[in-house]
2 protein chains.
Amino acid sequence: MKATAQANSNIALVKYWGKRNSELILPYNSSISMTLEGLHTTTTVEYSEKYKSDSLIMNGTHLKAGPELEEVKKFMDLVREKTNVHLHAKIATENNFPTAAGLASSASGFAALTFAATKAAMRDLDFKELSILARQGSGSASRSFHGGLVEWKKGSREDGNDSFAEQLAPVSHWDNLRMIISIVSTKAKKVKSRAGMSQTVATSPLYKGWLDSVEKDLNDVRAAIKERNFSLLGATAEMNALKMHATMITTQPSIIYWQPASVAVMHEVHALREEGLEGYFTMDAGPQVKVLCLEKNAKHIEKHLAAIEGIEKTIVCRVGDKAKIINEDLF
Amino acid sequence: MKATAQANSNIALVKYWGKRNSELILPYNSSISMTLEGLHTTTTVEYSEKYKSDSLIMNGTHLKAGPELEEVKKFMDLVREKTNVHLHAKIATENNFPTAAGLASSASGFAALTFAATKAAMRDLDFKELSILARQGSGSASRSFHGGLVEWKKGSREDGNDSFAEQLAPVSHWDNLRMIISIVSTKAKKVKSRAGMSQTVATSPLYKGWLDSVEKDLNDVRAAIKERNFSLLGATAEMNALKMHATMITTQPSIIYWQPASVAVMHEVHALREEGLEGYFTMDAGPQVKVLCLEKNAKHIEKHLAAIEGIEKTIVCRVGDKAKIINEDLF
């Protein structure tokens, strides 16, 4: 019983930062993301009675211990409970981009794992069920099943069964939307988002101000998507990211994901915008800066970003497609 | 009637950001600063019946128009009202450090101007009266008369007569305290603090969270000064600055004073602290980073900061002395 799934990464335009329930991973606020073509995780799950425990091969390395393995084992217990297939699995997973550096590798990773692990267990879950399950591995993974533009609804139920992602618009709705990833450093980030999040909720005096302002951002981004209003989408996303980072830097102890090159990109985006090359940045729990723009400006903007000192690489991503099963061998 | 005054700059450890009355310059919160030896403004004011209007020579340049001249003329009207000397003045002012780049040149500038202009008018005001008057030129100037560690009490009166600075501790109380100025750029900043401040109050959803948290910072810094508790002083000052910058970056439009080298200094300070070289940064409305430390670590830390790319110059400052009249020629 073996299946391989592929899921694209996603980058939030309205961020998820803070959990009301950290066991079930239920967020304080809804979030909206763009699924990214080109940054994906491919994961194969194989169950067998001969396996005595779950094993994990990540980007070609067999992980014999450590937090990643523990997280995955714990998550596989949830999958076994859901599928009623009580076997251990061999899991092999590959990212085609740097892991754990603020490029949402846990989003595509847990989405692909959830899809492959349930399929290999011969359970055909729909995207709603997959989203609810993947969410419990990594919150942002709930958004990596649908293609296009996606909203993870926070929900209100205590069991979390109304906290899952839905598609706001398919890929075809806005096919000239682009996100330019500027890779600042491939080093793994120091503070994992999970730890950072709970510290922020507990200690930042600005967290409440952030949370109170998110509902308006969600409304603005929903409207911007509906009307394909790029300026509204970009301006709202950029300020939303700045607000999230404002809560991060005021966490005790302070979490500063910005690196010198990150700040250089931010200023360059502002300078280009003043010159009429309209782009808006967003940042997650890592030093990378992602710049939202339209196709007509993408190459120009990319060229400017690539010239900045400390930028190792730039990637222009289109709006990405939904997650899929790319191989299965169930008997 | 001519007098020359010299006032040191000061850097806030608990920041002033936001005015409840922008005409009288009354702040929403009290602030605490360290007066800096070595960064000063020297200002000569000469009244004469032959002058038809106020003239301003700033760092050797005769300013014939522009916002600086208008600000100074408006301020001289306040001085004339206060002193009852209704003459125009020739004002010559020199900073021994870069102007308008987040090194508090308006603090030392308006303090020196206030002191020289009242003295030349043959009025001997005490520091309380000078502080109240200078405050109406630039808020932070109210703190540049006293030496040592200084608190600008926000006051509650509508006329502002209880909003002035007092000394918390003299220079001798903590003579091994140091502040290392890392100069990132000598270019004038793009957003003047005055405009930035009112935009933040009006538009940052995080401003209230900042304001609600300042009272505790003030108490902690007062206690830290009293007990010479350097760790408490530094940690509180660093987080207070981060909170202020968090409100700045979330202002509409965003105000990002951080430059690549600023961020590099911040990370270096954190790295050095982990290695036992205890320093804490603070930043104002410009790209410069100021690092608070004790004398025993100052040279070591300075060496590390000076090696950072984009740092043009470092200056180690002691706690500075009070403002003084250095020349007078009243008849």
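In summary, B:I255 fulfils each of the numbered conditions (1) within 11 Å of another protein chain (Cβ to nearest Cβ); (2) assigned to a helix (DSSP H, G or I); (3) touching a residue at least 12 places away in the same chain (Cβ under 8 Å); (4) aliphatic (A, V, I, L, M) with the single exception of condition (2). Against the test of being at pLDDT 95 or above, in contact with a Pro (Cβ under 7 Å, 6 or more places away or on another chain) and within 14 Å of another protein chain (Cβ to nearest Cβ), the options B:S213, B:S185, B:S204 yield a single qualifying residue, B:S213.
With respect to the conditions (1) buried (at least 24 other Cβ atoms within 10 Å of the Cβ); (2) modelled with pLDDT of 95 or more; (3) closer than 22 Å to B:N29 by Cβ; (4) among the small types (G, A, S), B:G148 lacks only one, and its number is (1). Highlighted here are the helices (runs of 4 or more DSSP H) found entirely within segment A:52-144 that include at least 2 residues which are among the hydroxyl-bearing types (S, T, Y): A:105-120. Scanning segment B:313-331 for residues that are under 23 Å from the mean Cα position of the chain (by Cα) and over 25 Å from B:N176 (Cα atoms) gives B:I325, B:I326.
When restricted to residues that are more than 24 Å from B:A223 (Cβ to Cβ) and either at pLDDT below 95 or of a type in the set (F, W, Y) (or both), segment B:1-17 contains 1. Residues in segment B:258-311 that are in a loop (DSSP other than H, G, I, E, B) and of a type in the set (G, A, S) were compared, and the one that is nearest to the other protein chains (Cβ to nearest Cβ) is B:G310. Name the residue that is surrounded by the most Cβ atoms within 10 Å (Cβ to Cβ), counting only residues in segment B:216-235 that are within 11 Å of chain A (Cβ to nearest Cβ) and under 15 Å from B:E151 (Cα atoms). If we take residues in segment B:216-235 being within 11 Å of chain A (Cβ to nearest Cβ) and under 15 Å from B:E151 (Cα atoms), then B:D217 is surrounded by the most Cβ atoms within 10 Å (Cβ to Cβ). Which residue is farthest from the other protein chains (Cβ to nearest Cβ), if the candidates are limited to segment A:236-252 and must be surrounded by 21 or more Cβ atoms within 10 Å (Cβ to Cβ) and more than 20 Å from the chain's Cα centre (by Cα)? Of everything passing the filter in segment A:236-252, A:T251 is farthest from the other protein chains (Cβ to nearest Cβ).
The values are calculated or read from the model by the stated rules, or taken from the named source; none is laboratory data. Treat the numbers as computed from the prediction; the structure is a model and nothing was measured. Glycine gets a Cβ as well: all are built from the backbone with ideal geometry, and neighbour counts include every protein chain shown.
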